[in-house]
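> One structure follows; several queries about it will come next.
The values are calculated or read from the model by the stated rules, or taken from the named source; none is laboratory data. The structure presented is a predicted model; accordingly, all values stated were derived computationally and were not measured. In this analysis, Cβ positions are derived from the backbone assuming ideal geometry, glycine residues included, and neighbour counts consider all displayed protein chains. Keep in mind that these areas ignore ligands, DNA and RNA; they rest on the heavy atoms of the full protein, side chains included. Shrake-Rupley method; radii C 1.70, N 1.55, O 1.52, S 1.80 Å.
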Amino acid sequence: MSVIAEKDARNYKKELRRIFLKTRSELAAEDIIEKSAKIMSRLFSLSEFRGAKTIMFYVDAGNEVKTRDGITKALSEWKRVVVPKVKKGYGLLAIEIKSLDELSPGTFGILEPAGEKGISPEEIDLVVVPGVAFDKKGNRMGYGAGYYDSFLPKLRPEVKKVAIAFEMQVTDSLPAEEHDVKMDLIITENTIYN
């Protein structure tokens, strides 16, 4: 790919990201709560979720699908829950938590656990992945920092990567690059894309 084509592709992705984020920012708070509950219900009904012992959740920020109730529920079901923490110069750590009370604002103002002792990605059985947009082929557009694209390849090959998103975040096709990691499932308030 030429330098000009790469620059055009980056600009195109940046513009797409802006459009999807703007559309998501216009969702009403009550819609977000209602749709998030439906998405979490679908997630918890997955056989892959029920069979997983160690689950990595993201902690929602802004107008993302709300995960905090899901985290609390998973903990009450005796799941081992880990959440991401950004470590400068390293990338994502997966840190085990026992309660949401262990979280405080960290990188980008997102709630993160204290400490620097992450578990091995090899111990994770299922990952709940955030994103700006997804396509029906499993491609993901993240926030542009590349943290998940660096972290996800460290998982065991059979580990399910489950994106959760509002239906308005799913499109027919997104530009994908070699380093982009595909999702196994995308759960929305309407359906599950496999």
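> Using just the alpha carbons, could you tell me how many Å³ per residue the convex hull of the range 78-127 encloses?
With only Cα atoms used, the range 78-127 gives 82 Å³ per residue.
> Where is the GNM fluctuation largest for the chain (alpha-carbon springs, 10 angstrom cutoff): Glu167, Glu30, Glu123?
Glu30
> Also: Run through the DSSP bridge list for the range 1-160 and note the antiparallel percent, rounded to the nearest 5.
Bridges in the range 1-160 are about 65 percent antiparallel.
> With +1 on the Cβ of every Lys and Arg and -1 on the Cβ of every Asp and Glu, and nothing else charged, how large is the dipole of the chain about its Cα centre, in debye rounded to the nearest 20?
Charge dipole, the chain, about its Cα centre: 180 debye, nearest 20.
> With a ≥ b ≥ c the root eigenvalues of the C-alpha gyration tensor of the range 22-88, is it rounded (a/c under 1.5), prolate (a/b larger than b/c) or oblate?
Taking the square roots of the gyration eigenvalues as a ≥ b ≥ c, the range 22-88 is oblate.
> A follow-up question, please. Using a Gaussian network for the chain with springs between C-alpha atoms less than 10 Å apart, which of these wobbles most: Glu158, Glu96, Glu178?
In the Gaussian network model the winner is Glu178.
> In whole angstrom, and with the biggest value first, how far do the Cα coordinates of the range 2-147 range along each principal axis?
50, 37, 29
> Rg(Cα) of the range 19-61 divided by 2.2 N^0.38 Å?
Ratio of Rg to 2.2 N^0.38 Å for the range 19-61: 1.45.
> Karplus couplings for the range 48-63 from phi (6.51 cos²θ - 1.76 cosθ + 1.60, θ = phi - 60°), rounded to Hz, Gly and Pro as x?
For the range 48-63, the Karplus curve yields 5, 6, 4, x, 7, 8, 10, 10, 9, 9, 8, 9, 4, 9, x, 9 Hz.
> Here's a follow-up. When the Cα centres of the range 135-149 and the range 44-99 are compared, how far apart do they sit, in Å?
With the range 135-149 and the range 44-99 each reduced to a Cα centre, they are spaced 18 Å.
> Ignoring ligands, DNA and RNA, what percent of the 1.4 Å accessible area of the chain is carbon and sulfur?
About 53 percent, which is the carbon plus sulfur part of the accessible surface.
> Rounded, prolate or oblate: which one fits the range 123-194, using the alpha carbon gyration tensor with axes a ≥ b ≥ c (rounded when a/c is under 1.5, else prolate when a/b beats b/c, else oblate)?
Oblate, because a/c is 1.5 or more while a/b does not exceed b/c.
> While we're looking at this one, here's another question. Less than 23 Å apart at the alpha-carbon level, and either on another chain or at least 8 residues along: which lysines does that give for Lys13?
Leaving aside lysines fewer than 8 places away in the same chain, those within reach of Lys13 are Lys22, Lys136, Lys137, Lys161, Lys182.
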